[in-house]
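What follows is a short report on a single structure.
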2 protein chains.
Amino acid sequence: MSEGRSIGAVKPATMHFDTPLRCASGASIDSYDLMYETYGVLNAARSNAVLVCHALNASHHVAGYYDDLAGTGSRKGADNIGWWDNMIGPGKPLDTDRFFVLGVNNLGGCFGSTGPASINPATGQAYGSSFPVVTVEDWVEAQARLADRLGIARFAAVMGGSLGAMQSLQWTIGYPERVANALAVAAAPKLSAQNIAFNEVARQAITTDPDFHGGNFYAHGVIPRRGLRLARMIGHITYLSNDAMMEKFGRSLRSGSVNFHFDVDFEVESYLRHQGDKFADYFDANTYLLITRALDYFDPGAAHGGSLSQAFARAQARYLVISFTSDWRFSPLQSRELVKSLLDNRLDVSYAEIDAPHGHDAFLLEDPRYHALVRVYFDNIFAGL
Amino acid sequence: MSEGRSIGAVKPATMHFDTPLRCASGASIDSYDLMYETYGVLNAARSNAVLVCHALNASHHVAGYYDDLAGTGSRKGADNIGWWDNMIGPGKPLDTDRFFVLGVNNLGGCFGSTGPASINPATGQAYGSSFPVVTVEDWVEAQARLADRLGIARFAAVMGGSLGAMQSLQWTIGYPERVANALAVAAAPKLSAQNIAFNEVARQAITTDPDFHGGNFYAHGVIPRRGLRLARMIGHITYLSNDAMMEKFGRSLRSGSVNFHFDVDFEVESYLRHQGDKFADYFDANTYLLITRALDYFDPGAAHGGSLSQAFARAQARYLVISFTSDWRFSPLQSRELVKSLLDNRLDVSYAEIDAPHGHDAFLLEDPRYHALVRVYFDNIFAGL
């Protein structure tokens, strides 16, 4: 498979904003930085820009790799290679020889954009728990301001998976005239009760960790490692399908037999602990709370009496919606509900349900049918530029 | 529905054992108590006894109610009504006018039988982390000794749901001549990697709670509440189906709108916190570790090169296996694997897959088709006594 090349070594940039951002909550962020990366060249007509929105634990570092982590917002333990590098690069499905690709670390993040770990200029202390609860709508607003500064009036496409897909949908609702195409992969138009429940357990793990200190742990020189570990372990279970876990780990034992203790016996235990430990090294606990809350709150139909169709009444984009059969976190049913609402508005929608065994994580993997579909979709966008 | 009456007020009894129990781990428990309850009358032929095995958080208190919690092993917060009271009583599917029903709190439990919170006579201190890791096989061995003392050479049936079903299966493997019928409801012949993963997160929540003190928290006058709460919250998500959660909670908000905080906004959050708090009040953290480990380790096929069919080679019982379509914790696929292994041995098996929306919890609920099936099955057993 792996057609195309890596974009190679990349570097992020930072844009500073001094106009206060009024959040959905009513709170304001007076000034802030957004860290972002761009790949490819913006054409003369400024018509080939594609915004790629990130999900829970990712960032502006979408493709390519870092020669040096210094100044990139990444911490040891985070991946050095862009999180969607298999999708984006020269000759890849989203071809950086054709498109100008923009990745942004969302506000409240922990990879270089202003977030809870940043110093609040008003107090000289880390924001901590005083950082406003931000929403998908707030992120899109901040991304739109960045687009303004970069001279992008309209995106050829806004694209994302999971929480990133929510942002691509919100773009078409909030800025219908600024998005030609929206790609929503492994999407949900709103979380189910079960989704919210998993987020709540993860948040409770963090906030009840004695090292959380009400969100102001920075001042105490500690981090709520225990809570972050648990949050990540829970997350990982929901990113994989039961079948994928059986395929990957089964009931394999590390030492060939059980040891009648509560330490690691099964390979799956070792995997989860490792993922949890790694995550706790590089992710900010307050950012985790903010991002899961943004997921919980996203519900564009709520402002229209529960009608998702009405939420898209002003939308103009064309859509590519892709779901994966084994994704039980954001199941195909949720994508179908979305597709129905788009069709209710006679919007141009392509929908594919990919028969993939990997669960929610499938959106990050290099499934040939999935990547071929995205490639063709972008070919068509390019042909129409 | 609710045919039949409550057995009324009941009282548990305690049996003391002085013969050391050698566990599968190689460790021994020198002496121990088992707390149990019986309902109905053992007939002259001693042929109408039914053992009911409990799952994760239940006990010997299977049916009826307590007038007074003192001496029952139950603590404030635990249910006063037997956990399978809708199934067992005079005129109920398991009819105590016909059968002599026995419920036992398993060894390592926290409702009256010897467990980690009990005083180790050898040290004068609570067992804590020194309590042996017990298995389903160990529990069945202890139950068999209790049956001996009660004069029950052979059970008309051994019955259980979830982890209780594993015990009923193990009875037919370990004591084939002592079980006429096994009822395995919402069963799994072994846990999947995903099942183990959820157990592992729950255990990590408990063992990383600073109040756990390596399992010896009794001496510190604390309990690992935070860990127990999280363990129970995770458990509750897996006991319910996604549909049942949507039906029960949906995205309902406690105060009608979101409040941009990390406290309770959604009803499902309130429910989980309440369940977690209640559980932490009455359940022992070390028992939680032991019971989830017994679940992980149960794998009767493992001793036969992975062949579940060979594990049942000596079994003689007749079986009733019941699964529920929406149970994703112990899915119908797992019951079908079990049924296939039983049929491979030409054993007499009835299997029903009940189309129920409630998830794993369905085995505790009063579904008319499910209860009618159990009733008819016991009618037939009674007719053959």
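What residue, among those in the range A:242-289 that are within 21 Å of A:Ile223 (Cβ to Cβ) and at the interface with chain B (Cβ under 9 Å from one of its Cβ atoms), is most open to solvent (accessible area, probe 1.4 Å)?
A:Arg273
Select from the range A:1-53 the residues that are open to solvent by 60 Å² or more (accessible area, probe 1.4 Å) and under 24 Å from A:Gly82 (Cα atoms) and write down the one among them that is farthest from the other protein chains (Cβ to nearest Cβ).
Applying the filter and picking the extreme gives A:Val41.
Somewhere in the range B:254-269, is a residue part of a loop (DSSP other than H, G, I, E, B) and among the hydroxyl-bearing types (Ser, Thr, Tyr)?
Checked the range B:254-269: at least one residue is part of a loop (DSSP other than H, G, I, E, B) and among the hydroxyl-bearing types (Ser, Thr, Tyr).
Among the numbered criteria (1) farther than 30 Å from A:Phe212 by Cβ; (2) modelled with pLDDT of 95 or more, which single criterion is violated by A:Ala303?
Tallying (1) farther than 30 Å from A:Phe212 by Cβ; (2) modelled with pLDDT of 95 or more, A:Ala303 fails exactly one: (2).
With respect to B:Phe217, determine if the residue is among the aromatic types (Phe, Trp, Tyr) and at the interface with chain A (Cβ under 8 Å from one of its Cβ atoms).
No: the conditions fail for B:Phe217.
Could you list, in sequence order, all residues of the range A:72-115 that are at pLDDT below 95 and among the hydroxyl-bearing types (Ser, Thr, Tyr)?
Residues satisfying the conditions are A:Thr72, A:Ser74.
Please determine whether any residue of the range B:167-175 is more than 14 Å from chain A (Cβ to nearest Cβ), open to solvent by less than 10 Å² (accessible area, probe 1.4 Å) and touching a Ser or Thr at 6+ places or on another chain (Cβ under 6 Å).
no
Considering only residues that are in a helix (DSSP H, G or I) and of a type in the set (D, E, K, R), which ones fall in the range B:171-205?
Answer for the range B:171-205, where residues must be in a helix (DSSP H, G or I) and of a type in the set (D, E, K, R): B:Glu177, B:Arg178, B:Glu200, B:Arg203.
Residue under question is B:Pro210, and the condition is that it be open to solvent by 10 Å² or more (accessible area, probe 1.4 Å) and within 9 Å of chain A (Cβ to nearest Cβ); does it hold?
Yes; evaluated as a whole, the condition is true for this residue.
Right, B:Ala44: aliphatic (A, V, I, L, M), farther than 17 Å from B:Glu137 by Cα and modelled with pLDDT under 95 or not?
no
Yes or no, residue by residue, for (1) surrounded by 21 or more Cβ atoms within 10 Å (Cβ to Cβ); (2) among the hydroxyl-bearing types (Ser, Thr, Tyr); (3) within 17 Å of B:Lys190 (Cβ to Cβ):
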site	(1), (2), (3)
B:Ala311	yes, no, yes
B:Gln316	no, no, no
B:Ser323	yes, yes, yes
B:Arg329	yes, no, yes
B:Leu338	yes, no, yes
B:Ser341	yes, yes, yes
B:Glu366	no, no, no
B:Leu373	no, no, no
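Counting only residues that are closer than 12 Å to A:Asp277 by Cβ and in contact (Cβ under 8 Å) with a residue 60 or more places away in the chain, how many does the range A:212-231 have?
Here the count works out to 1.
Checking A:Asn181 against (1) closer than 27 Å to A:Val376 by Cα; (2) out of contact with any Lys or Arg (no Cβ under 7 Å at 6 or more places or on another chain), which test does it fail?
Going through the list (1) closer than 27 Å to A:Val376 by Cα; (2) out of contact with any Lys or Arg (no Cβ under 7 Å at 6 or more places or on another chain), A:Asn181 breaks only (2).
Kindly indicate which of A:Ile223, A:Ile237 is more than 10 Å from every other protein chain (Cβ to nearest Cβ) and in contact with a helix residue (DSSP H, G or I) (Cβ under 7 Å, 6 or more places away or on another chain).
Just a single option satisfies the conditions, and that option is A:Ile223.
Which residues, counting only those in the range A:95-135, are crowded, with 24+ Cβ neighbours inside 10 Å and either part of a strand (DSSP E or B) or free of Cβ contacts under 8 Å to residues at least 40 places away in the same chain (or both)?
A:Val101, A:Leu102, A:Gly103, A:Val104
I need the full set of residues from the range B:16-55 which are at positive phi and basic (Lys, Arg), in order please.
Within the range B:16-55, just B:Arg46 meets the criteria.
Quick one: is B:Gly73 assigned to a loop (DSSP other than H, G, I, E, B) and in contact with a helix residue (DSSP H, G or I) (Cβ under 8 Å, 6 or more places away or on another chain)?
It is false that B:Gly73 is assigned to a loop (DSSP other than H, G, I, E, B) and in contact with a helix residue (DSSP H, G or I) (Cβ under 8 Å, 6 or more places away or on another chain).
Anything in the range B:210-253 that is among the small types (Gly, Ala, Ser) and assigned to a loop (DSSP other than H, G, I, E, B)? List them, or say none.
Hits for the range B:210-253 are B:Gly221, B:Ser241, B:Gly250, B:Ser252.
Name the residue that is nearest to A:Pro20 (Cα to Cα), counting only residues in the range A:139-162 that are open to solvent by less than 10 Å² (accessible area, probe 1.4 Å), in contact (Cβ under 8 Å) with a residue 60 or more places away in the chain and in a helix (DSSP H, G or I).
Looking at the filtered set, the residue picked out is A:Ala142.
Which residue pairs have Cβ atoms closer than 8 Å, lie 6 or more positions apart in sequence or on different chains, and pair a first residue in the range B:187-203 that is within 7 Å of another protein chain (Cβ to nearest Cβ) and open to solvent by less than 10 Å² (accessible area, probe 1.4 Å) with a second residue that is among the aromatic types (Phe, Trp, Tyr) and in a helix (DSSP H, G or I)?
B:Arg203/B:Tyr288
The values are calculated or read from the model by the stated rules, or taken from the named source; none is laboratory data. Predicted model, so just to flag it, every value in this text is computed and none were measured. Here the Cβ is made from the backbone with ideal geometry for all residues, glycine too, and neighbour counts use every protein chain on show. The area values use the complete protein model at the heavy-atom level, side chains included, leaving out ligands, DNA and RNA. Shrake-Rupley method; radii C 1.70, N 1.55, O 1.52, S 1.80 Å.
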